[in-house]
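Participant: What follows is a single structure, and I will ask about it in a moment.
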Amino acid sequence: DEFMRASFELRRATSLGPWGAEIALNGRVEAIRARAGEFTLGRATIDLDVQRPVGRDRLVMRTIAAGASGPRVPTQFETWFGGPVSAPGYNFHVLRGRAGVSQRVEWQHPVRGPSIPLGRYGRAPGEIVLAPFGTVVWTDGRTSSQSTAQQRGLYPSAGVAAIGLFNLLRVDVARGLRDGRWLATVDV
């Protein structure tokens, strides 16, 4: 299908906010209409990242929310959650609906770790960051395809991450606590 789309996007680069928090924000509001007039809908998304240093530790919170409204919402405009960013411990894009929110809270704490030799460039710092986290996703479960209808409600998960090698390598292990499973991910 071909679409006509009008959108307004707001981006705030990471900057200092109240109480010494570092805040980044991306938001978007869209009006979408199929050229054939099959549907018209509105859609809004927001991605808010708030980080606050606490001594050597760091509190990290990330909120991702989206919603679509209209008489008929095609599958590609629904909200999709799942995977290491929005719902660790659940398969990628397994949580769907017309509206949903993902909230993650993480506490990053540096600990002693291995110092990796880098040849003529020296050594990587002998420190890694351990980051226990919890995430809760809410979805309304309303999908365009009844065969893949999702239960509405809350989908919590918990896990721990290890971050190292100049903050370039992140390994997460998480468990979905409602119909989820153990998932391990590596991010470089």
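Participant: If amide H atoms are built 1.01 Å from N in the plane of the peptide, which residues on other chains or at least 5 residues away come under 5 Å of the amide H of residue 143?
Facilitator: It is 150, by chain and number.
Participant: Can you list residues whose amide H is under 5 Å from residue 87's amide H, if they're 5+ apart or on another chain and H is modeled 1.01 Å from N?
Facilitator: 82
Participant: Where in the range 36-78 does the label zone of residue 144 land, with the point 7 angstrom along Cα→C-beta and an amide N cut-off under 14 Å?
Facilitator: The answer is 36-43, 68-78, whose backbone nitrogens lie closer than 14 Å to the label point.
Participant: Over the alpha carbons of the range 55-115, what is the largest minus smallest coordinate on each principal axis, giving the biggest first in Å?
Facilitator: On the principal axes, the range 55-115 reaches 55, 23, 14 Å in Cα extent.
Participant: Report the label-to-label distance for residue 29 and residue 186 in nanometres (one decimal), using points 7 Å from each Cα along the Cα→Cβ vector.
Facilitator: The modelled label-to-label distance comes out at 4.4 nm.
Participant: Can I ask one more? Can you give me the distance in nm between label points at residue 160 and residue 59, each placed 7 Å from the Cα along the Cα-to-Cβ direction?
Facilitator: Between residue 160 and residue 59, the simple spin-label model gives 2.2 nm.
Participant: Same structure again: Dividing the convex hull volume of the alpha carbon atoms of the range 9-90 by its residue count, what do you get in Å³ per residue?
Facilitator: Cα convex hull per residue, to the nearest whole number: 110 Å³.
Participant: Continuing with this model, one more query. Residue by residue through the range 166-172, what is 3J(HN,Hα) from phi via Karplus (6.51 cos²θ - 1.76 cosθ + 1.60, θ = phi - 60°)? Round to whole Hz and write x for glycine and proline.
Facilitator: 6, 6, 9, 10, 10, 10, 10
Participant: Another question, then. With θ set to phi - 60° and the Karplus curve 6.51 cos²θ - 1.76 cosθ + 1.60, what are the ³J(HN,Hα) couplings of the range 52-62 in order, to the nearest whole Hz, using x for Gly and Pro?
Facilitator: Coupling constants for the range 52-62: 10, x, 9, x, 7, 8, 8, 8, 10, 10, 9 Hz.
Participant: I would also like to ask the following. Across bins of 10 angstrom width beginning at 0, how are the C-alpha pair distances of the chain distributed, in whole percent?
Facilitator: Percent of Cα pairs in each bin: 9, 28, 31, 20, 9, 3, 0.
Participant: Work out how much length residue 93 to residue 40 would gain on full extension: take 0.36 nm times their residue separation and subtract the Cα-Cα distance, in nm to one decimal. Spell out each step's value before the answer.
Facilitator: Working: separation 53, 0.36 × 53 = 19.08 nm, distance 2.38 nm.
Additional length available on full extension: 16.7 nm.
Participant: Once phi is turned into θ = phi - 60°, what whole-Hz ³J(HN,Hα) does the Karplus curve with 6.51, -1.76 and 1.60 give for every residue of the range 100-112, x standing for Gly and Pro?
Facilitator: x, 9, 10, 10, 10, 10, 9, 10, 9, 10, x, 9, 5
Participant: Could you quote the convex hull projected area for the range 7-52, Cα atoms only and averaged over all directions, in nm²? Numbers along the way, then the final one.
Facilitator: On the way: hull surface 14.1 nm².
Computed as one quarter of the Cα hull surface, the answer is 3.5 nm².
Participant: Now a separate question. Filter the trypsin sites (Lys or Arg not before Pro) in the range 27-102 to those in DSSP coil with at most 15 other Cβ atoms within 10 Å of their Cβ, and list the result.
Facilitator: 35, 56, 72
Participant: Now a separate question. Please give me, ordered by residue number, the chymotrypsin sites (Phe, Trp or Tyr not before Pro) of the range 96-188 that lie in loop per DSSP and have at most 10 other Cβ atoms within 10 Å.
Facilitator: Taking the range 96-188 and a limit of 10 other Cβ atoms within 10 Å, the loop chymotrypsin sites (Phe, Trp or Tyr not before Pro) found are 166.
Participant: What nm distance separates the two modelled labels at residue 152 and residue 118, each placed 7 Å from Cα along Cα→Cβ?
Facilitator: 5.1 nm
Read-outs throughout are calculated quantities, based only on the coordinates presented, and are distinct from any laboratory measurement. The structure presented is a predicted model; accordingly, all values stated were derived computationally and were not measured. Don't worry about glycine lacking a Cβ; one is built from the backbone with ideal geometry, like all the others, and counts go over all protein chains shown.
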